[in-house]
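The values are calculated or read from the model by the stated rules, or taken from the named source; none is laboratory data. In this text, all values refer to a predicted model and were calculated from it rather than measured experimentally. Here Cβ is always computed from backbone atoms with ideal geometry, including for glycine, and neighbour counts include all displayed protein chains.
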Amino acid sequence: MGPSGPDVGNMGKVIGIDLGTTNSCVAIVDHDGPRVIPSRTGQHTMPSVVAITESGKQLVGHLAKRQAITNPRNTIYGAKRLIGRRWDSRDVQKSISLVSFDMSKGPHDDVRLSMGGKEYAIPEISSLVLHEMRVVAEENLGESVGQAVITVPAYFNDNQRQATKDAGRIAGLDVLRIINEPTAAALAYGYGKGLEQKVAIYDLGGGTFDISILEIGQGVFEVLSTGGDTFLGGEDFDERIIAWLIEDFQGQHGIDLRQDKMAVQRLRDAAEKAKIELSSLNEVDINLPFIFSKGKGEALHLQKQLTRAALDGLVGDLIERTVAICEQALDDAGMKKSDIAAVILVGGMTRMPRVQRTVNDFFGIPPSKGVHPDEVVACGAAIQAHLLSTGSIDTLLLDVTPHHLGIMVAGGLFDVIIHKDTTIPTSATKVFTTVRDGQPQVRIMVLQGESSQAEENELLGEFVLDGLRAAPRGEVRVEVTFDITADGIVGVSAKDVETGREQTIMVTASSGLTEDEIREMAARNQDFLVKSDSAGGNDEVRQKVQNLLNEIDKFLPQARPIIDGTDFGVDALNKAEQTLERARHAMLQKDTKELSDCIKPLERTLSLLNNVIQKLGG
Amino acid sequence: MVELGRESLLTLAPVLRADSDLKSLQLNAQEGFIISQVDGLTPAGVLCDLLAMDETTLIIALLRLEKLGVVRWARRNTGPKGVRQSADDTAAQRVIADSVAEDPALTEACDLSRDERLLILKAEGSLAGTHWEVLGIGGDATGAEVKRAYFVASKSFHPDRFFGRDLGSFRGRLDKIFRGVKLAYDTLSREESRKSYHAAHPPPVELNQKSEGISGAVQSPAPSSTRATTVPRGESADDKAARLEKRRQQILEERRSKRLSKHASSAGQAAGGRKRKAEEIYQLGLAQLNRGNVFAAVASFKLAMTYDETNERYQNAFAEANGGALLERARQVAGEAEDAVASGKSGDAGRLFSRAFEMVPHRAEYAVRAAEQLLAAGKTSEALRFATQAVEVSPNRPSAHVAKAAVLENTGDLRAALVALEKAQTLDASDSHVTKSIKRLMKRLR
């Protein structure tokens, strides 16, 4: 046969990345089909958390998440909720008070975060997570990785997609395509099975809810409709639990824990843990000793029991919200519930029994058990990466444009030119006319969104068509053409029908970064990578010791008065002090061997302190 | 020429084995493509055309798939003309492929094989037709069949299929094709738009399955199951329209069964359906022939034969149309050969003339020209073969004997050359050139 696909040999391996709000996952297609690539420590997913420690070390993933409690201001989570958004958007403004790190307005009306005393753009934060996924893949495969397909929620607008793509570039990846998470899930579910059916993908993840209806047949995966809610996910469930805990605590002690960022972070961890445990248990105990310190060694503890039924009561309305969105998606696809042959659950939240029951009740069929909710999206991304890079001819993904696309017309209204859920590539043309007598030019504002009010939609770009003939209003006709390529790139042109004069723009969605900035960040990232690679294991040990020291430092002042009153206390305290001294010295000397030797004694000290506080403190 | 074994396989239809587990096998993309088109009805020879693959590649791939347990061969009731017919078949496919051969895009610098270009150009050409033609479906296609045709066409022409390649002008063509396919699907998949489109653009032959669509999709093998269970999109939204449509279908069904009652009574229901389809396609072929589109007619008759192998009318129509198509094509090739002669490329000319002769083996003049040019190019033994064939085909044609004599003289067999010249002279005594040659040879012999 003729030439095969693009030459990927010199670009290294091609991977698929599920860049999640809370967790990320990387996968590849090899001769055994799609598989998730585990990290060195065997984990299949990695927290999408980035941090800079006091010592200036950059952390990504599990380590970053673990030290979040002690370092909340320099630990960034949920960056995906902010990516590609403008500073003054409602969603960003809503987040400012909710997060433990500092946010500020960037130079391009974008969002910047501060971490370790430095400012970061959101794509830069995401790039750190993507880069870590790349490293995980390279270590596992023993080969370089150059290209990737990255997933985003179906309702992400162009700016958010572009920002995600830019994050990939900063991480040194050639992003072949951004695809929708539910579509990826469907691909992983049906790939190579020769199915002919309609399926629903119900994706309730950490930060977002997505529903997509697809039809599969002849190896073609066609998206019929998509729907979702950007601010509905596991973290909202956590917030409900946190609010419940805080309210209760305030009732008991008259203290608002929201004022204490570290307490909130501890509450957040406990809430998430309780929520997860309630998927398999009927009740859990939430225990947070020393959640609040009144000074002078006096402390308050939080202790609470949460049952599955109580949790259902706290979050029932959130789950019900997804039902209405499912109904809308079915309507958009022109389908009845009974047309759906399989419902695929995606995202950690779908492990919750109440969620499964709701889905079962709505569609009238039990959800499909065949796929792993945390890994299916990354596998789908890897499949699409494989299909594109090999020029496959037996499977094809027919994706859609997730939002209406159009322009602003007189009265600040949004006139739709390409409707949501239109299969791409596509194009459409509409003719407009002038609204004023002798109007010399028209301004074309390209918008994306669902609202009939132009200002409530996302602005993708704008341009001016001038040189119009002086004529009474309504006489000059301007033809506006929208064109979307298979890559999802939007091109808009406006033409004076009479003169043939034409203006065209490629709507390069804005991620909030300029081209120069992206290049600079990519280069900087490269520098950092070289450094951290050469530092290797040493840094990990140092980090571990530092974390332990931080923890002990935190507990020691509270434990001291308790221990002082016991017989064995003095001895134990002396020992602990010695251990700490030794560790601090090793930190200064950068003595790796001594540092590793310190880990065990430090861990013993920490657990001793914990025991003392738990048993005697309450 | 391909071996006999392969040639007979070309007349057989590969069938997907229901028991094979495709997922567990390591198939390559090409094999996947082949499987996507294997429907148990289409003979391998026709698949060559649908897949734009040459016979050898396809047969080798199918044999491997057979070994893997993915496909088996459907036994055909003794083919109408056996091996000979299949040779015609493949020649006809070449003819069809060659009908776009002059497009300059075929030589454009881009990252596509010739086969892929041909397929794309062909599909682009078919966009000029109605939506029915674009999707390759008939007026009676069910919602599921429309969808299937749309999926198959999308898979072949969606730009992602050629991701990352330099496509030159073909990028725009693919975009255009995909949009055309999408438009056809959007129109024909919705009850209302389909009805109004049907009224304005009736399907090519009433309710038939058209032979050549973009997708090359052959109707699904079990029409009864697809028809009964599939509810086309939008039907539920308009119950009245659905009821009317159903009634319309019933009336048409009755009319059809009346027309074809003699077939239905002699064979089972399924066989009757296939015969009906064959007849419709045959009628389409006749219409195409009347419009002067001989290549399309060949394809139609060929397809009709795959539905009803034993009908002699189809075989005759195919033979006749195929002969016409071949003659037409041979003329074009001979024209190219004359051009080569004019520019002094006797080797190319000889090869082109011999191709023309192979297309129409009763035309001795091409064999003569082939012999002359091959001789001039120094390929004596090939020249002798064509000269001998020319004499065999037309023993009364003096030029055949003259050509043979020239070759023989060149090989040193002067006596045989003299015999040939004398034969030419008896056929046409007025040719002074022959007389002169005889004299010259006799002198040399002495």
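If a residue must be within 9 Å of chain A (Cβ to nearest Cβ) and not in a helix (DSSP H, G or I), how many such residues does the stretch B:17-27 contain? Talk me through it step by step, then tell me what you get.
Of all residues in the stretch B:17-27, those within 9 Å of chain A (Cβ to nearest Cβ) come to B:22-23, B:26-27.
Remaining after also requiring not in a helix (DSSP H, G or I): B:26-27.
Total satisfying the criteria: 2.
Residues in the stretch A:315-348 that are surrounded by 14 or more Cβ atoms within 10 Å (Cβ to Cβ) and part of a loop (DSSP other than H, G, I, E, B) were compared, and the one that is nearest to the other protein chains (Cβ to nearest Cβ) is A:GLY334. Can you confirm whether A:ILE393 is free of Cβ contacts under 8 Å to residues at least 60 places away in the same chain, closer than 30 Å to B:LEU112 by Cα and either touching a helix residue (DSSP H, G or I) at 6+ places or on another chain (Cβ under 8 Å) or of a type in the set (S, T, N, Q) (or both)? In short, yes. Contact annotation: residue pairs with Cβ atoms under 6 Å, 6 or more positions apart or on different chains, pairing a residue in the stretch B:134-162 that is within 10 Å of chain A (Cβ to nearest Cβ) and buried (at least 24 other Cβ atoms within 10 Å of the Cβ) with a partner that is assigned to a helix (DSSP H, G or I) and of a type in the set (Ser, Thr, Tyr), are B:TYR150/B:TYR185. Look at the stretch B:274-289: where a residue is over 15 Å from B:GLN315 (Cα atoms) and a partner is among the aromatic types (Phe, Trp, Tyr), sitting 6+ places away or on another chain with Cβ atoms under 8 Å, you get B:ARG274/B:TYR307; B:LYS277/B:TYR307.
Taken as a whole, the stretch A:410-418 holds at least one residue that is within 21 Å of B:VAL181 (Cβ to Cβ) and either at pLDDT 95 or above or assigned by TED's automatic domain parsing to the domain that holds A:ALA486 (or both).
Is it the case that A:GLN439 is touching a Leu at 6+ places or on another chain (Cβ under 7 Å), farther than 27 Å from A:PHE156 by Cα and of a type in the set (S, T, N, Q)? For A:GLN439, the condition - touching a Leu at 6+ places or on another chain (Cβ under 7 Å), farther than 27 Å from A:PHE156 by Cα and of a type in the set (S, T, N, Q) - is met. The residues of the stretch B:42-58 that are touching a residue at least 40 places away in the same chain (Cβ under 8 Å) and closer than 19 Å to B:ASP308 by Cβ, listed by number, are B:THR42, B:PRO43, B:GLY45, B:VAL46.
Taking the criterion of being among the β-branched types (Val, Ile, Thr), modelled with pLDDT of 90 or more, touching a helix residue (DSSP H, G or I) at 6+ places or on another chain (Cβ under 7 Å) and not in a strand (DSSP E or B), would at least one residue in the stretch A:58-74 satisfy it?
no
If you filter the stretch A:214-241 down to residues that are away from chain B (no Cβ under 14 Å) and surrounded by fewer than 22 Cβ atoms within 10 Å (Cβ to Cβ), you find that the one that is farthest from A:SER392 (Cα to Cα) is A:ARG240.
Of everything in the stretch A:401-411 that is surrounded by 22 or more Cβ atoms within 10 Å (Cβ to Cβ) and either among the β-branched types (Val, Ile, Thr) or within 13 Å of chain B (Cβ to nearest Cβ) (or both), the residue that is farthest from the chain's Cα centre (by Cα) is A:ILE407.
Among the residues making up the stretch A:93-119, a single one is closer than 19 Å to A:GLY20 by Cβ and of a type in the set (Ser, Thr, Tyr): A:SER95. Say whether the condition of being surrounded by fewer than 19 Cβ atoms within 10 Å (Cβ to Cβ), among the β-branched types (Val, Ile, Thr) and not in a strand (DSSP E or B) is met by at least one residue in the stretch A:470-482. No: the stretch A:470-482 contains no residue that is surrounded by fewer than 19 Cβ atoms within 10 Å (Cβ to Cβ), among the β-branched types (Val, Ile, Thr) and not in a strand (DSSP E or B).
Given the condition closer than 21 Å to A:ASP374 by Cα, touching a Phe, Trp or Tyr at 6+ places or on another chain (Cβ under 8 Å) and not in a strand (DSSP E or B), answer yes or no: does some residue in the stretch A:272-285 qualify? Yes: one or more hits.
Within the stretch A:448-498, the set of residues being under 28 Å from the mean Cα position of the chain (by Cα) and under 17 Å from A:THR426 (Cα atoms) comprises A:GLN448, A:ILE484, A:THR485, A:ALA486, A:ASP487, A:GLY488, A:ILE489, A:VAL490, A:GLY491. Each residue in the stretch B:392-419 was checked for being surrounded by 12 or more Cβ atoms within 10 Å (Cβ to Cβ), touching a residue at least 24 places away in the same chain (Cβ under 8 Å) and under 20 Å from B:ALA367 (Cα atoms), and 18 pass. Of A:THR395, A:THR434, A:THR390, A:THR485, all but one fail to be over 27 Å from A:HIS108 (Cβ atoms), surrounded by fewer than 21 Cβ atoms within 10 Å (Cβ to Cβ) and among the hydroxyl-bearing types (Ser, Thr, Tyr); the exception is A:THR390. B:ARG165 passes every criterion in (1) closer than 17 Å to A:LEU398 by Cβ; (2) facing chain A (nearest Cβ under 10 Å); (3) buried (at least 20 other Cβ atoms within 10 Å of the Cβ) apart from (1).
Working only within the stretch B:149-182, note down all residues that are hydrophobic (A, V, I, L, M, F, W, C) and farther than 19 Å from A:GLY217 by Cα.
B:PHE162, B:PHE163, B:LEU167, B:PHE170, B:LEU174, B:ILE177
When you look at A:GLU277, is it acidic (Asp, Glu), under 25 Å from the mean Cα position of the chain (by Cα) and more than 22 Å from A:SER97 (Cβ to Cβ), yes or no? Yes; evaluated as a whole, the condition is true for this residue. Contact map, the stretch A:216-245: first residue touching a residue at least 24 places away in the same chain (Cβ under 8 Å) and over 30 Å from A:GLU277 (Cα atoms), second residue of a type in the set (Asp, Glu) and outside any loop (DSSP other than H, G, I, E, B), Cβ cut-off under 7 Å, separation 6 or more or different chains; pairs are A:GLU222/A:GLU215; A:LEU224/A:GLU215; A:SER225/A:ASP332. For the stretch A:190-206, a residue qualifies if it is within 13 Å of another protein chain (Cβ to nearest Cβ), out of contact with any Ser or Thr (no Cβ under 7 Å at 6 or more places or on another chain) and over 12 Å from A:VAL223 (Cβ atoms), and the qualifying residues are A:GLY190, A:GLY192, A:LYS193, A:GLY194, A:LEU195, A:GLU196, A:GLN197.
If you go through the stretch A:407-423 and keep only what is out of contact with any His (no Cβ under 9 Å at 6 or more places or on another chain) and over 18 Å from A:GLY228 (Cβ atoms), you end up with A:ILE407, A:MET408, A:VAL409, A:ALA410, A:GLY411, A:GLY412, A:LEU413, A:ASP415, A:THR423.
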